[in-house]
1. Taking chymotrypsin sites (Phe, Trp or Tyr not before Pro) as candidate sites, keep only those in a DSSP loop with at most 11 other Cβ atoms within 10 Å, then name the longest stretch of the chain containing none of them.
2. Using DSSP to call loops (not H, G, I, E or B), can you name the GluC sites (Glu not before Pro) in the stretch 108-194 whose Cβ has at most 14 other Cβ atoms within 10 angstrom?
3. For the stretch 26-70 and the stretch 152-190, compute the distance between their C-alpha centroids and round to whole Å.
4. Test of the criteria: in the stretch 233-276, which trypsin sites (Lys or Arg not before Pro) are in a DSSP loop and have at most 11 other Cβ atoms within 10 angstrom of their Cβ?
5. Just flag the trypsin sites (Lys or Arg not before Pro) in the stretch 123-183 sitting in loop per DSSP whose Cβ has no more than 15 other Cβ atoms within 10 Å.
6. A260: net charge of surrounding residues, Cβ under 13 Å, Lys/Arg +1, Asp/Glu -1, itself excluded?
7. If each DSSP helix of 4+ residues adds -39,500 (n - 2.57) and the sum is divided by the residues in the chain, what number results at 222 nm, nearest 500 deg cm²/dmol?
8. Checking understanding here: applying a Kyte-Doolittle mean of at least -1.0 and a length along the axis of at least 15 Å (C-alpha), which whole DSSP H helices in the chain pass?
Amino acid sequence: MKTFVISGGTDGIGKAVALARLQRGDTVAVIGRNSEKGAAFLAAAEQSGALGRAHFIEADLSLVRETRKAVDEVRSRVGAIDGLVLCAQHFRSTRLVTEEGFENTFGLYYLSRFILGHELAEALEAAPAPVVVNVCGPGLDFGEIRWDDLGRESDYTGIDALMQGSRLNDLLGVGFVQQRPGPIRYVLVNPGAVSTSFSGEYDPVMAEQIEAARLAAKPVEEGILPILSVLDTPPAAPLSASMAGEPLELSGPAFDPDSARRLHELTTKLIPARIS
Ligand SMILES: NC(=O)c1ccc[n+]([C@@H]2O[C@H](COP(=O)([O-])OP(=O)(O)OC[C@H]3O[C@@H](n4cnc5c(N)ncnc54)[C@H](OP(=O)(O)O)[C@@H]3O)[C@@H](O)[C@H]2O)c1
């Protein structure tokens, strides 16, 4: 039996992966910010006789402080981690700066994934064939990283912030395997359009587009299949990426090794060093 940790595991793709793995007999810890959704997840686990193997950890992952609290909580509840699945995401049509001073999408979509991956690496390395599955947006050739304005203070749009986050996560994968050569496999998964909660605060125009996208998207049970597959059999390559189940070439600016090093250095300067 395996152990999985899933951020954003209280809804959408993350929750579907969590329930599928619980049903198979694995242990699953989900991290989410909403206690009602956490209770619903535990109730679903109880119904399938898996309550003892299900954990809900409440944290607002847009905050570095709360993400690190979640790391501590994960460490106290589970031992070796076979798979870390990164799903937490929340779209914002209007720009929000967290109390820690980071733009919300940057904090949630990028920084929390950086911290969860790196700070749970030792627990992952204790498993026989560990894998990080970062569910993001590889393979989309738009989205610009504004190196001198990562918080997108000027001309913010929700789409630009989201797409920048996707490009940052591509480089996070490249940087992770540069920094941590070893047993952990890092997989960037773009699931394609999947009908989920599309967590977010949308302006009216975007809300209409999202509703149309949800109706046209594939069901979540189908969307999670590529993720379940890499959790079952982590790839041989240290880093890999796929879009809608099709492998992607790790070439071009999205996977540039120098940009990945630059981003890693910049990120370690942005977030305070871990004290313990
Ligand atoms: N669905 C698609 O078509 C699609 C396509 C391409 C890529 N993706 C990527 O796949 C991943 C999962 O997407 P999804 O559609 O399954 O998402 P979703 O249904 O919108 O669920 C997002 C999850 O993130 C959690 N979350 C949001 N803000 C949070 C915060 N501040 N702290 C902690 N947890 C928070 C949500 O919990 P609450 O509900 O409690 O806030 C929820 O559990 C995302 O990274 C997304 O970008 C999705």
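Bear in mind these aren't lab numbers, they're just calculated from the coordinates by the rules spelled out. Quick caveat, the model's predicted, so the values are computed rather than measured. With ideal geometry, Cβ positions are generated from the backbone for all residues, glycine too; neighbour counts draw on all protein chains shown.
1. The segment 1-141 is the longest one with no such site.
2. Here the sparse-neighbourhood loop sites are E144, E153.
3. Spelled out, the Cα-based centre of one part sits 24 Å from the other.
4. R274
5. R146
6. Around A260, the surrounding residues sum to 0.
7. -12500 deg cm²/dmol
8. Once both thresholds are applied, what remains is 12-23, 35-47, 158-179, 204-216, 257-270.
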